[in-house]
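Coordinate-derived values only; no laboratory data. Keep in mind that this is a model prediction, so the values were computed, not measured. When we count neighbours, we look across all protein chains shown, and the Cβ atoms used for this are built from the backbone with ideal geometry, even at glycine.
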Amino acid sequence: MKNVFSFLAYSLLAVLISLSSSCKMDGPTKDSNVNSESQLPNAESKQIKPLWVPYNDSLEVAANAAHEKPRMRYTFIQSKVLDKNNVFRPLYSEVAQFPEEAYHRMKPLVLEQDIPTIQEHITAGAFTYEQLVLFYLYRIYSFELPNETTLNTIIALNPNILEEARGLDANATEKHPIYGMPILLKDNIGAAPMNTTAGAVALLENETDDAFIVERLREKGALILGKVNLSEWANFLCDCPNGQSAVGGQTLNPYGRRLFDTGGSSAGSGTSVAANYAVAAVGTETSGSILSPSSQNSIVGMKPTIGLLSRTGIVPISSTLDTPGPMTKNVIDNGILLDAMRGFDEKDTKSVQANWEGQWYLSDAASLKGKRFGAFKNYMENDSLYKATIEQIRDAGGIIITFEPPEVDFNGFLSILNIDMKNDLPQYLEEHVKNKDGVQVTDIEDLVAFNLADSLVRIPYGQVRFQGILNDSTTATELVSIKNRLQKNGRSYFNSAFNQYQLDAVLSINNYDAGAAAVAEYPALTIPMGYRPSGEPVGLTFIAKQYQEGKLYEMGAAFEALTQARRLPEAYLN
């Protein structure tokens, strides 16, 4: 990866070449992308001009300086270290040859469709797995290369993706539904041959093997399309905007670029699925990092019970609370992706073997009728969309019990993250980094010093949370006590209603109760609920007890069918 100065020099040369040439720009521009119904430019000029030229983001930064949400007052939008030409050039010649006619023919068969429907089209011969990959790459190149439409969500693309797709049997039978489906990964999840950066300059050259869940996906024939941006270090670096990283820049929400929060930390996973850049994506959560970006981007996100999915090969915050999870456009795809990642991992001390029957996530008769739901009293009183949605569920036969959770003490939560990351990150760096010469940090103290050496580029919002890790003096004995107390209190927060009213699920909003669900180690499924008058997406979040993912999917599928709330963002319709 070029450093900032060589990158700027390359970019200046690219601009000069561009200005001196009469050839058509080799890459989508504001006037040559899918929105304008013109195909990607011919690949013949690819050796003459860059696909992408960096721009001055100062006007956009200034425009957000008075945003009503302080967290969205950006310091930068464009990455200072990522040259998008390095990301998009390797596959460009093949993508540029994908006919516009093929894209538009496939669009109604793929866009917003669920996995079973896409598989039916492939079985019927409507298109191949290779063409499916090209369809998504066409969208990615068309929207992510122009600076006017980019979401800054793609950090890396798998250079072997088309070769892998060609190797699949389009007429395969008795395969897992995930077979041949292009999946994007949050860039704290290991997947060779791409580096795993966690959005941090310190890990730019981090070469790793596949994470355990990626091995499971590949075994079942899933296609790993690429890596997406995230809140750097999974949002445990600074008090800063969601979706920003030094490597990837500022991720933007497709429902309102610079207008609406992307949520974090799995911002790229949420925005890429919302814009239909892949069939699905994988995120990670410690507390709200799947639920938040899923709800903010009008998609379905599952934070599973801790231990259901392995964490091996994922850059950690907390071995106590971390979990990966699926992020999709609909409930059935979510279940398919979760199922495809399952498996017992002897290297993960929290891993469990869930011996569920095949297609456990499906229900032939999903219904809300007779299901017992707990609705938070304060949300009913203060959120009109939530209240109207609860009434819809009641009208569909759901039994609603309004309740107030008990006051419980969550003090010490930050110490769990601080001490776990202090211990877990060095272990990850020792066990999973293959090129120690390329990654020369070994612990948090090293990272703090590394970042301070070039703070404007590496930590434009500071590193207060890293400093907090170094300053936290919680002992091992105290930490055990905190973990036990918070798990007990987290479960009490929900169980007071679960047990008293024999509830099937508690209904929350977005990631409002993610912290309590995190320490309780309970699963949570968020599903599009609708939109604020401003157009900002909102999710309804179903929370249940451990290993009730199947029940959550059943109720979630019924809710999804009832409301059909999700809409594709208007700027990404074509």
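As a rough footprinting exposure proxy, the listed residues 292, 363 were ranked by other beta carbons within 10 Å of their own, and the order from fewest upward is 363, 292.
Semi-axes of the equivalent ellipsoid for the chain, computed as √(5λ) from the eigenvalues of its C-alpha gyration tensor and ordered from largest down, come to 36, 29, 23 Å. Bridges between two residues of the stretch 128-281, per DSSP, are antiparallel at a rate of about 45%. Applying 0.36 nm per residue to the separation of residue 75 and residue 378 and subtracting their alpha-carbon distance, the gain on full extension is 105.6 nm.
Karplus-based coupling profile of the stretch 283-296, in residue order and whole Hz: x, 9, 9, 10, 7, x, 7, 9, 4, 5, x, 5, 5, 5, with θ = phi - 60° in 6.51 cos²θ - 1.76 cosθ + 1.60 and x standing for Gly or Pro. When the trypsin sites (Lys or Arg not before Pro) in the stretch 73-120 are filtered for DSSP coil states and for at most 16 other beta-carbon atoms within 10 Å of their beta-carbon, the remaining sites are 73.
By the gyration tensor of its Cα atoms, with a ≥ b ≥ c the square roots of the eigenvalues, what is the shape of the stretch 425-482: rounded for a/c under 1.5, prolate for a/b over b/c, or oblate? Oblate, since a/c reaches 1.5 and b/c is not below a/b.
By DSSP, the beta bridges lying fully in the chain are antiparallel in about 65 percent of cases. Each of residue 571 and residue 454 was given a label point 7 Å from its Cα along the Cα-to-Cβ line. The distance between the two points is 2.9 nm.
Per residue of the chain, what 222 nm ellipticity follows from adding -39500 (n - 2.57) for every DSSP H run with n ≥ 4, rounded to the nearest 500? Calculated from helices alone, the mean residue ellipticity at 222 nm is -11500 deg cm²/dmol. Screening the chain for whole DSSP H helices with an alpha carbon extent of at least 18 angstrom along the helix axis and a mean Kyte-Doolittle hydropathy of at least -1.0 yields 4-20, 129-144, 413-432, 476-501, 549-563.
Think of the stretch 4-349 as a dipole: +1 on every Lys or Arg Cβ, -1 on every Asp or Glu Cβ, centred on the Cα centre; then among 237, 72, 254, 72 lies furthest on the positive end. Distance between the 7 Å Cα→Cβ label points at residue 446 and residue 346: 2.9 nm.
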